[in-house]
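To start, the structure itself, in structure tokens.
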Amino acid sequence: MNLTVAEYAKHFDMALHLQSSTEEDIRAHARAARSAGVAACYTNSFWTPVVAEELRGSDVRVGTAISFPYGCTSTDMKFAEIEEGLRLGATAVDMVVNIGRLREGDDEFTRREVEGLVERTRGTALSKVIFEVCFLTDEEIARLTRICSDAGVDYVKTATGSQGFPTEAQVQVMRDNITNDNTKLKVSGVPRTFTMPATLWMIEQLGVSLIGTRSAASLVQQYAAHLGTN
Ligand SMILES: O=C[C@H](O)COP(=O)(O)O
């Protein structure tokens, strides 16, 4: 594929979702994301205005995470959190689905949440739905992927990074159940020790469009060094 460093960087969403983060931690995270030239810089929604301020004038999207990490706040709370995030400058919105309702087979409930995200973000921000595949069967992963893709979600996303790691087989189930060209694949929740060559394999062989990780800036540096030695 021979990606340039800038092209490689745009395959990353850099995320910092730690309860202990101070405002200075968040500002440093946003500055590092800006300097690395990643696709988006994510935090929990409280920090959205701070990230928006740090990223002003750059092409790095302001990412906000909704009902993160458990996904079990009420639907109205999720929608209010999305609307506030957009008002405060978010240009990419990742929402965790209600895993329990999905496992119960309540597709109508799931569809309503997912469609609510798409309606609110359309034309303003990218929409991404977070699954937490470690809790789901392949059938549930396939069903949720189809619901998201049919609803017009921009990205289906494997995990929050706070629970189990997604497997390659689970990523393939997601990829194989995307129903149209508009929905892409974001892999996150991968082991924090994963390597730059592993990210290239995900992008080039597994059909992954975005990788969500706190390690994004370091991976971009590793890729630049790798190109420098080739
Ligand atoms: O949204 C989730 C994050 O991209 C996960 O990143 P992390 O596993 O490095 O915390």
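Run down Ser162, Ser149 and say which single residue is hydroxyl-bearing (Ser, Thr, Tyr), open to solvent by less than 70 Å² (accessible area, probe 1.4 Å) and at pLDDT below 95.
None of the others qualify; the one that does is Ser162.
Does Gly100 satisfy being at positive phi and out of contact with any helix residue (DSSP H, G or I) (no Cβ under 6 Å at 6 or more places or on another chain)?
No, not satisfied.
Restricted to the stretch 207-221, and to residues that are aliphatic (A, V, I, L, M) and more than 15 Å from the chain's Cα centre (by Cα), which residue is farthest from the ligand (Cβ to nearest atom)? It would help to see each step written out before you state the result.
So the first thing to find is which residues in the stretch 207-221 are aliphatic (A, V, I, L, M), and the list is 208, 210-211, 216-217, 219-220.
If we keep only those that are more than 15 Å from the chain's Cα centre (by Cα) as well, we get 217, 219-220.
On the way: Ala217: 11, Leu219: 11, Val220: 14 Å.
Among those that are aliphatic (A, V, I, L, M) and more than 15 Å from the chain's Cα centre (by Cα), it is Val220.
Pick out the one residue from Glu168, Glu204 that is more than 13 Å from the ligand (Cβ to nearest atom), in contact (Cβ under 8 Å) with a residue 40 or more places away in the chain, open to solvent by 60 Å² or more (accessible area, probe 1.4 Å) and more than 15 Å from Asp13 (Cα to Cα).
Just one listed residue meets the conditions, Glu204.
Please work out if Thr160 is within 9 Å of the ligand (Cβ to nearest atom), of a type in the set (Val, Ile, Thr) and not in a helix (DSSP H, G or I).
Criteria met by Thr160.
Taking Leu117, is it of a type outside the set (Ser, Thr, Tyr), buried (at least 21 other Cβ atoms within 10 Å of the Cβ), within 16 Å of the ligand (Cβ to nearest atom) and in a helix (DSSP H, G or I)?
It is true that Leu117 is of a type outside the set (Ser, Thr, Tyr), buried (at least 21 other Cβ atoms within 10 Å of the Cβ), within 16 Å of the ligand (Cβ to nearest atom) and in a helix (DSSP H, G or I).
Just a yes or no: is a residue in the stretch 67-89 more than 18 Å from Met14 (Cβ to Cβ), under 13 Å from the mean Cα position of the chain (by Cα) and in contact (Cβ under 8 Å) with a residue 40 or more places away in the chain?
No: the stretch 67-89 contains no residue that is more than 18 Å from Met14 (Cβ to Cβ), under 13 Å from the mean Cα position of the chain (by Cα) and in contact (Cβ under 8 Å) with a residue 40 or more places away in the chain.
Please determine, by comparing only the residues of the stretch 120-136 that are under 17 Å from Ile178 (Cβ atoms) and open to solvent by less than 10 Å² (accessible area, probe 1.4 Å), which one is farthest from the chain's Cα centre (by Cα).
Looking at residues that are under 17 Å from Ile178 (Cβ atoms) and open to solvent by less than 10 Å² (accessible area, probe 1.4 Å), I get Val133.
Looking at Glu132, Glu139, which one is at pLDDT 95 or above and within 16 Å of the ligand (Cβ to nearest atom)?
Testing whether each residue is at pLDDT 95 or above and within 16 Å of the ligand (Cβ to nearest atom) leaves just Glu132.
Could you list, in sequence order, the residues of the stretch 183-198 that are at pLDDT below 95 and near the ligand (Cβ under 9 Å from one of its atoms)?
Scanning the stretch 183-198 gives Gly189, Val190, Pro191, Arg192.
Taking the stretch 63-94 as the search range and keeping residues that are in contact with a helix residue (DSSP H, G or I) (Cβ under 9 Å, 6 or more places away or on another chain) and of a type in the set (A, V, I, L, M), which one is nearest to the ligand (Cβ to nearest atom)?
Among them, the one singled out is Ala65.
The values are calculated or read from the model by the stated rules, or taken from the named source; none is laboratory data. No experiment lies behind these values; they were computed from the predicted model shown. Note that each Cβ is placed from the backbone with ideal geometry, even for glycine, and that neighbours are counted across all protein chains shown. Just so you know, the surface numbers come from the protein's heavy atoms only, side chains and all, with ligands and any DNA or RNA stripped out. Shrake-Rupley method; radii C 1.70, N 1.55, O 1.52, S 1.80 Å.
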